[in-house]
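Enquirer: Dropping the structure in here first, questions after.
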Amino acid sequence: MSLLKRLFSGKPKAVPFTAELAPDTPFYVVGDVHGRMDLLEKLLAKIDAEDGAMDVPLVFVGDYIDRGEQSAQVLRHVHGLYQSADRQVICLTGNHEDMLLKFLEDPAERGARWLRYGGLQTLFSFDVGAISDKSSEGAMEQARNALEDAMGPELIKWLEDMPTSWQSGNIAVVHAGADPAEPILDQSPRILKWGHPDFRHKTRSDGTWVVHGHTIVDQANATDGRIATDTGAFATGKLTAAYIEPGDIRFIQA
């Protein structure tokens with residue numbers, strides 16, 4: 001083997017992520033709630049009890065609904081927080097909100113998949129029953145109409161208008177992850193809502209930390225420029241938030 005081949009063969013070395021946390025302001029990030037209003041109430045009570053909490057932005061990573069039994073209550077409560085003038089609340093969209101909106105657009109085509117991924121619990125929380133992933137197209141359309149009536153135009157419009165990312169300093173918050181090779185603002189909504197295959201395996205080279213939910217972890221953690229907040233509330237009974245300030249992060253759990 002020639003010297004050049006020996007030098008350039010093999011896999012490229014991973015670039016270590018060394019950027020310090022440098023948000024413009026401290027903020028809280030709440031992980032995937034998935035219809036657990038009981039846990040959300042406990043977590044928000046812990047956050048609100050902290051000194052100066054009402055002056056700090058509160059960011060939700062999305063996936064408010066599905067799988068948990070109190071999806072309607074969670075949506076209405078978070079919407080109320082968003083509308084309140086008491087604090088700055090940023091509500092990002094997740095893949096489960098995406099599936100709900102696709103169901104409203106095309107229930108016959110999109111309904112079965114959404115119901116299999118937890119939409120059934122969301123429908124029941126809005127008092128829409130007599131439906132399953134095996135239901136006819138007509139039944140799916142009836143369920144869609146009933147859900148639209150139960151949610152109302154204001155709640156639906158709020159979901160439609162949710163952003164896919166929020167950034168403070170060198171920290172970006174998204175739902176599912178991001179392509180590590182591209183700037184956050186250049187990424188498609190689908191990647192930010194559904195994820196990218198390289199996200200958990202390659203580090204970013206631009207010094208941007210990415211806070212995310214979507215992928216369940218045993219414990220919230222900050223590793224190689226990624227901050228994971230989804231502790232599987234609907235299944236584990238653990239809902240987690242991160243408090244991020246310049247140079248430091250800590251986790252709060254209900």
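The values are calculated or read from the model by the stated rules, or taken from the named source; none is laboratory data. This is a predicted model, so every value here is computed, not measured. Using ideal geometry, Cβ is built from the backbone for each residue, glycine included, and neighbour counts are taken over all protein chains shown. In case anyone asks, the SASA skips ligands and DNA or RNA and just uses the protein heavy atoms, side chains included. Shrake-Rupley method; radii C 1.70, N 1.55, O 1.52, S 1.80 Å.
Enquirer: Can you work out the base-10 log of I(q)/I(0) for region 134-232 at q = 0.18, 0.23, 0.25 1/Å, using the Debye formula on its C-alpha atoms alone?
Expert: -0.84, -1.11, -1.25
Enquirer: For the chain, what does the helix formula give at 222 nm: sum of -39500 (n - 2.57) over DSSP H segments with n ≥ 4, over the residue count, nearest 500 deg cm²/dmol?
Expert: Mean residue ellipticity, 222 nm, calculated: -10500 deg cm²/dmol.
Enquirer: Looking at the chain, send over the antiparallel percent of its DSSP beta bridges, to the nearest 5. Kindly include the intermediate steps, with their values, before the conclusion.
Expert: On the way: 17 of 29 bridges.
Here the antiparallel bridges make up roughly 60 percent for the chain.
Enquirer: Tell me, what is the per residue accessible area of the chain in Å², probe radius 1.4 Å? Please report the intermediate quantities before stating the final value.
Expert: Numbers: 12260 Å² over 254 residues.
On a per-residue basis, 48 Å².
Enquirer: Of the listed pairs Lys202/Lys238; Lys42/Lys193; Lys46/Lys238; Lys102/Lys238, which have alpha-carbon separations greater than 18 Å here?
Expert: Values: Lys202/Lys238 28 Å; Lys42/Lys193 26 Å; Lys46/Lys238 14 Å; Lys102/Lys238 29 Å.
Distance filter (> 18 Å) returns Lys202/Lys238; Lys42/Lys193; Lys102/Lys238.
Enquirer: For region 35-143, just run the numbers: alpha carbon Rg, then divide by 2.2 N^0.38 Å, N being how many residues it has.
Expert: Normalised Rg, Cα atoms only: 1.21.
Enquirer: Nearest 20 debye, what's the magnitude of the dipole of region 115-167 about its Cα centre given +1 on Lys and Arg Cβ and -1 on Asp and Glu Cβ?
Expert: The calculated dipole for region 115-167 is roughly 220 debye.
Enquirer: At a 1.4 Å probe radius, which order do Glu109, Glu154 fall into by accessible area, largest first?
Expert: From most exposed to least exposed: Glu109, Glu154.
Enquirer: OK, next. Along the principal axes of its C-alpha atoms, what lengths does the chain span, in descending order and rounded to whole Å?
Expert: Largest first, the chain extends 69, 52, 30 Å along its Cα principal axes.
Enquirer: Compute the long axis of helix 137-161 from its Cα atoms, compare it with the longest principal axis of the Cα atoms of the chain, and write down the angle in degrees, 0 to 90, nearest 10.
Expert: 60
Enquirer: Within 10 Å, count the other beta carbons around each residue, average over each peptide in 20-27, 143-150, 93-100, and list them highest first. If you can, show how the numbers build up before the last one.
Expert: Values: 20-27: 15.5, 143-150: 17.1, 93-100: 24.9.
Listed from highest to lowest mean packing, they are 93-100, 143-150, 20-27.
Enquirer: For region 77-163, run through the chymotrypsin sites (Phe, Trp or Tyr not before Pro) and keep only the ones in DSSP coil with at most 12 other Cβ atoms within 10 Å of their Cβ.
Expert: Sites meeting the loop and neighbour criteria: none at all.
Enquirer: Once the Cα atoms of helix 71-83 and of the chain are each reduced to a long axis, what angle between those two axes, in degrees from 0 to 90 to the nearest 10, is obtained?
Expert: 70
Enquirer: Compute the helix-to-body angle for 95-105: its Cα long axis versus the longest principal axis of the chain, expressed 0 to 90° and rounded to tens.
Expert: Here the helix axis deviates by roughly 40 degrees.
Enquirer: May I ask what percent, to the nearest 5, of DSSP beta bridges between residues of region 117-254 are antiparallel?
Expert: Here the antiparallel bridges make up roughly 70 percent for region 117-254.
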